[in-house]
2 protein chains.
Amino acid sequence: MVDIATRVHNHNWKIDPIVRSLIDTDFYKLLMCQSIFRNSPDTTVVFSLINRSKSVRLGELIDEGELREQLDHVRGLSLSRGESTWLRGNTFYGKRQMFRPDFMEWFEGMRLPPYHLEKIDGQYELTFEGKWPEVMLWEIPALAVLMELRSRAVLKDMGKFELQVLYARAMARLWEKVERLRGIEGLKLADFGTRRRHSFLWQDWAVQALQEGLPEAFIGTSNCKIAMKRDIEAIGTNAHELPMVYAALADSDAALAQAPYKVLADWHEEHDGNLRIILPDTYGTEGFLRNAPDWLSTWTGIRIDSGDPAVGAENAIRWWNERGEDPRQKLVIFSDGLDVDKIEELHRQFTGRVKVSFGWGTLLTNDFNGLAGDRLAPFSLVCKAVSADGRPTVKLSDNPNKAMGPADEIARYKRIFGVGDQVAREVVV
Amino acid sequence: MVDIATRVHNHNWKIDPIVRSLIDTDFYKLLMCQSIFRNSPDTTVVFSLINRSKSVRLGELIDEGELREQLDHVRGLSLSRGESTWLRGNTFYGKRQMFRPDFMEWFEGMRLPPYHLEKIDGQYELTFEGKWPEVMLWEIPALAVLMELRSRAVLKDMGKFELQVLYARAMARLWEKVERLRGIEGLKLADFGTRRRHSFLWQDWAVQALQEGLPEAFIGTSNCKIAMKRDIEAIGTNAHELPMVYAALADSDAALAQAPYKVLADWHEEHDGNLRIILPDTYGTEGFLRNAPDWLSTWTGIRIDSGDPAVGAENAIRWWNERGEDPRQKLVIFSDGLDVDKIEELHRQFTGRVKVSFGWGTLLTNDFNGLAGDRLAPFSLVCKAVSADGRPTVKLSDNPNKAMGPADEIARYKRIFGVGDQVAREVVV
């Protein structure tokens, strides 16, 4: 029987919204937001979309009117009662009331600030300016909207069965990965693929496939909406934007050198246990670890997000040993450009020496490479803080291809953080 | 919105019926049924299920109670008004009123006769006895029920996503075939896969995929229900059961030798054009063509259903040339164990020399080999007339592995039809 009301209701949608919830975002954005809401509520920032894959000409692929409609829809979103209840009542990382009442009250009233959009030379310039705790919440929905509009643009001309087969192939491909991962004893992995997903529905499918296919290994998703919907753990801690903004605001070279540790000192006050995960690569992992205060070595673990992951993990192990910590009690989270081969390799190399975990991103939620030629291949889109209170931000990373900021500032940061020669690695996703 | 009525209605189904319509059958069964209804309405026959793949132990895989429920459901079916309208009003092979009013009236009142079911040594013995025009209509639903119950038995323990991925893989596999077939210029093919399909829904999906993927090449389906549902051509002419029963009823060796031609003489009276397709292999193609009356060489084409298909087609071409016919005006339909490689090869070899067409069966509608180990691999199940008015039937075929009947009768037939040494070919499906 056709449900006539549903059919008619569907006619009433003006668009098919890509982001339908403020918590269709990464868990660490909310954790960081709460931290920023407490520590730096009045800092003004500019976030900007950066398409590192110049060959993907988003300005030609995506209709500007459709993009504006989607972004406007996101601006109209507010936290629903059920979402608020879930954030307030849920246990995250074993902790009740992770989100404080004052933050929740603010979040319930929060709407995303305006965006600025221009099409220049076949690309979109999309920026967001305003208070840090508000602007930073644009990052994930902006990326998700652009990624999915690109998918829709490519899929627009395909027939019904061609589409079905496309998804059939993507499903078969993902399931082959699941079957290979089943063979890895003691594996722990989470979905980190929100930002560069093919689409919301596809990420949701991928998560469910992992739930069924890897019931032991799959520990949760970074996506709050999907965690809520599928009743699984929300996963994530903190990201580069914290040290980048703290660093930009530093008033002297000495303050700059301390900025990354100031971030973690603030975090240390707020969080314990598995939320104490060091992200060391913003200005070079080597110098970061060398100059780190002792209390940091007591933290639970480290996240390796750029550079050669095996080198990064070996450095962390050496550092823990030097500081008298037992690496076997420490957690190493790999989260950079992973796919099954790399997961197998890293798991083999580090299991038994540290606790190993994987944050699997784009190649979980957007491995459509080759399924429509290269027209659906994932590409490297980011949305980053580019300035704070009028000062430019800088990221060095352990991969010079991921560095960003004005050249003279990059030079100054390199000097202050003692970053020497780095090995460039291709940024795939 | 959940349609509550639909949900509740679904609770009312006692079983999920496999065959839901009397025209969920091959078109040629209805054409032959009408012919038999006119020429031999009172002949009694026994049809019997024969599982040529002994390793597939249907008696252990399939619950007898479920099998009885499904067969009982088929016995309860009658022609719906819409189906009757479609059969009466449609144009088949360019002809209006293909089905005569007296046949339609009989068919509307027809119910399938009782079945006899026993489980012996891990296999089912399933037989149907009664008037030929009724019993012969059991063939396709009986096969479809057993094939699909076997599929269901294998799929029963699989998880939701495992199932989805299984079908995703099957879809991707079929679409790869479609994409390869797209490259064959002038290709014509039809779905002949009802009898050994994985399931009704899968056959329906495969047909729709061919409709979209091969809009020029795909000319129709043998399945009347799907032809009606998808608004495409119903395809088919006649099969071995006609010569087998005519031969069994022959009262002398001379009459036996003429039986296959008598079948086609009756057919000649009823049909013209593209329905005049010779099926020459029941008692050996070579002898059949050698001894054929001249009027047969004026028929539109030939169907090659056993033996080496290239040899069969070459023999037909030589025969037409000998009889002064132009092979380029003749149609050769290949219908035995086809898949893409074979289709490509035969198309290449015969295009330009004859009109070529393909009836693609089991490897279109049931290529699940390897998708659940070999547990879903297609297997060779047939349902054949084994006796007529108490006399055993015999089939020789161009492949001795497809021969059937009592040994002494096979020897007599071989003598009378002058069948010498034959090359055995593996019967895959």
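The values are calculated or read from the model by the stated rules, or taken from the named source; none is laboratory data. Since the model is a prediction, treat every value here as computed from it, not as a measurement. Every residue, glycine among them, receives a Cβ derived from its backbone with ideal geometry; neighbour counts consider all protein chains shown.
Based on what the data block shows, is B:PRO215 of a type outside the set (A, V, I, L, M), more than 14 Å from chain A (Cβ to nearest Cβ) and either without any contact (Cβ under 8 Å) to a residue 60 or more places away in the chain or outside any loop (DSSP other than H, G, I, E, B) (or both)?
no
So A:LYS119 fits all but one of (1) surrounded by fewer than 20 Cβ atoms within 10 Å (Cβ to Cβ); (2) in a loop (DSSP other than H, G, I, E, B); (3) in contact (Cβ under 8 Å) with a residue 40 or more places away in the chain; what number is the exception?
Unmet condition: (2).
Within segment A:84-102, which residues are assigned to a helix (DSSP H, G or I) and surrounded by 15 or more Cβ atoms within 10 Å (Cβ to Cβ)?
A:SER84, A:TRP86, A:LEU87, A:ARG88
Do any residues in segment A:152-179 that are more than 9 Å from every other protein chain (Cβ to nearest Cβ) have Cβ atoms under 6 Å from those of residues that are charged (D, E, K, R), where the two are at least six apart or on different chains, and which pairs are they?
A:VAL154/A:ARG375
Restricting attention to segment A:72-83, which residues are in a helix (DSSP H, G or I) and surrounded by fewer than 18 Cβ atoms within 10 Å (Cβ to Cβ)?
A:ASP72, A:ARG75, A:ARG81, A:GLY82
Among the residues of segment A:71-95, which ones are acidic (Asp, Glu) and more than 28 Å from A:ILE219 (Cβ to Cβ)?
Passing the criteria: only A:ASP72.
B:THR85 - would you say it is touching a Phe, Trp or Tyr at 6+ places or on another chain (Cβ under 7 Å) and over 23 Å from B:LYS402 (Cβ atoms)?
Spelling it out, it is not the case that B:THR85 is touching a Phe, Trp or Tyr at 6+ places or on another chain (Cβ under 7 Å) and over 23 Å from B:LYS402 (Cβ atoms).
What's the number of the condition B:ILE232 fails, among (1) in a loop (DSSP other than H, G, I, E, B); (2) under 16 Å from the mean Cα position of the chain (by Cα)?
(2)
Considering only segment A:1-71, give the helices (runs of 4 or more DSSP H) lying wholly within it that have at least 1 residues that are away from every other protein chain (no Cβ under 14 Å) and either within 30 Å of A:GLU426 (Cα to Cα) or in contact with a Leu (Cβ under 9 Å, 6 or more places away or on another chain) (or both).
A:27-39, A:58-61
Can you spot a residue in segment A:300-312 that is farther than 23 Å from A:ILE36 by Cα and without any contact (Cβ under 8 Å) to a residue 12 or more places away in the chain?
The answer is yes, given that some residue of segment A:300-312 is farther than 23 Å from A:ILE36 by Cα and without any contact (Cβ under 8 Å) to a residue 12 or more places away in the chain.
Identify, from the list A:TRP175, A:TRP138, the residue that is in the same structural domain as A:ARG20 (by TED's automatic domain parsing), buried (at least 16 other Cβ atoms within 10 Å of the Cβ) and part of a helix (DSSP H, G or I).
After applying the criteria, what remains is A:TRP138.
Would segment B:180-187 turn up any residue that is away from every other protein chain (no Cβ under 13 Å), out of contact with any Ser or Thr (no Cβ under 6 Å at 6 or more places or on another chain) and of a type in the set (D, E, K, R)?
Yes, that holds for at least one residue.
Give the residue that is surrounded by the most Cβ atoms within 10 Å (Cβ to Cβ), with candidates limited to residues of segment B:148-172 that are out of contact with any helix residue (DSSP H, G or I) (no Cβ under 6 Å at 6 or more places or on another chain) and charged (D, E, K, R).
Checked segment B:148-172; the qualifying residue surrounded by the most Cβ atoms within 10 Å (Cβ to Cβ) is B:GLU148.
Being modelled with pLDDT of 95 or more, small (Gly, Ala, Ser) and within 25 Å of A:MET404 (Cα to Cα) is the requirement here; does A:SER48 meet it?
So A:SER48 passes the test.
Provide a single number: the residues in segment B:313-329 that are in contact (Cβ under 8 Å) with a residue 12 or more places away in the chain and either surrounded by 19 or more Cβ atoms within 10 Å (Cβ to Cβ) or within 30 Å of B:GLU426 (Cα to Cα) (or both).
Looking only at that region, the number is 7.
Applying the selection to segment A:391-422, what residues are without any contact (Cβ under 8 Å) to a residue 40 or more places away in the chain, surrounded by fewer than 21 Cβ atoms within 10 Å (Cβ to Cβ) and not in a helix (DSSP H, G or I)?
Within segment A:391-422, A:ALA403, A:PRO406, A:GLY420, A:ASP421 meet the criteria.
Run down B:VAL423, B:VAL354 and say which single residue is over 16 Å from the mean Cα position of the chain (by Cα), over 20 Å from B:VAL56 (Cβ atoms) and assigned by TED's automatic domain parsing to the domain that holds B:LEU166.
Going through B:VAL423, B:VAL354 in turn, just one is over 16 Å from the mean Cα position of the chain (by Cα), over 20 Å from B:VAL56 (Cβ atoms) and assigned by TED's automatic domain parsing to the domain that holds B:LEU166: B:VAL354.
Please specify each residue of segment A:142-193 satisfying the condition of being within 23 Å of the chain's Cα centre (by Cα) and of a type in the set (Gly, Ala, Ser).
A:ALA142, A:ALA144, A:SER151, A:ALA170, A:ALA190, A:GLY193
Which residue out of A:LYS29, A:LYS54 is among the basic types (Lys, Arg) and crowded, with 20+ Cβ neighbours inside 10 Å?
A:LYS29
Name, by its number, the condition in (1) more than 24 Å from A:GLY352 (Cα to Cα); (2) within 10 Å of another protein chain (Cβ to nearest Cβ) that does not hold for A:ASN223.
Of (1) more than 24 Å from A:GLY352 (Cα to Cα); (2) within 10 Å of another protein chain (Cβ to nearest Cβ), only one is false for A:ASN223: (2).
How about segment A:188-209: which of its residues are in contact (Cβ under 8 Å) with a residue 60 or more places away in the chain and either within 12 Å of chain B (Cβ to nearest Cβ) or part of a strand (DSSP E or B) (or both)?
Result: A:LEU189, A:ALA190, A:ASP191, A:ALA206.
Please give the number of the condition B:PRO392 fails out of (1) modelled with pLDDT of 95 or more; (2) closer than 28 Å to B:ALA316 by Cβ.
Answer for B:PRO392: the failing condition is (2).
Give A:GLU176, A:GLU125 a once-over and let me know the one that is of a type in the set (Asp, Glu) and more than 19 Å from B:PHE161 (Cβ to Cβ).
A:GLU125
In contact (Cβ under 8 Å) with a residue 12 or more places away in the chain and under 27 Å from B:ASN366 (Cβ atoms): is that true of B:HIS347 in this structure?
Answer is yes for this residue.
Identify, please: which residue in segment A:229-263 is under 21 Å from A:LYS95 (Cβ atoms) and not hydrophobic (A, V, I, L, M, F, W, C) and is, among those, surrounded by the fewest Cβ atoms within 10 Å (Cβ to Cβ)?
A:ASP231
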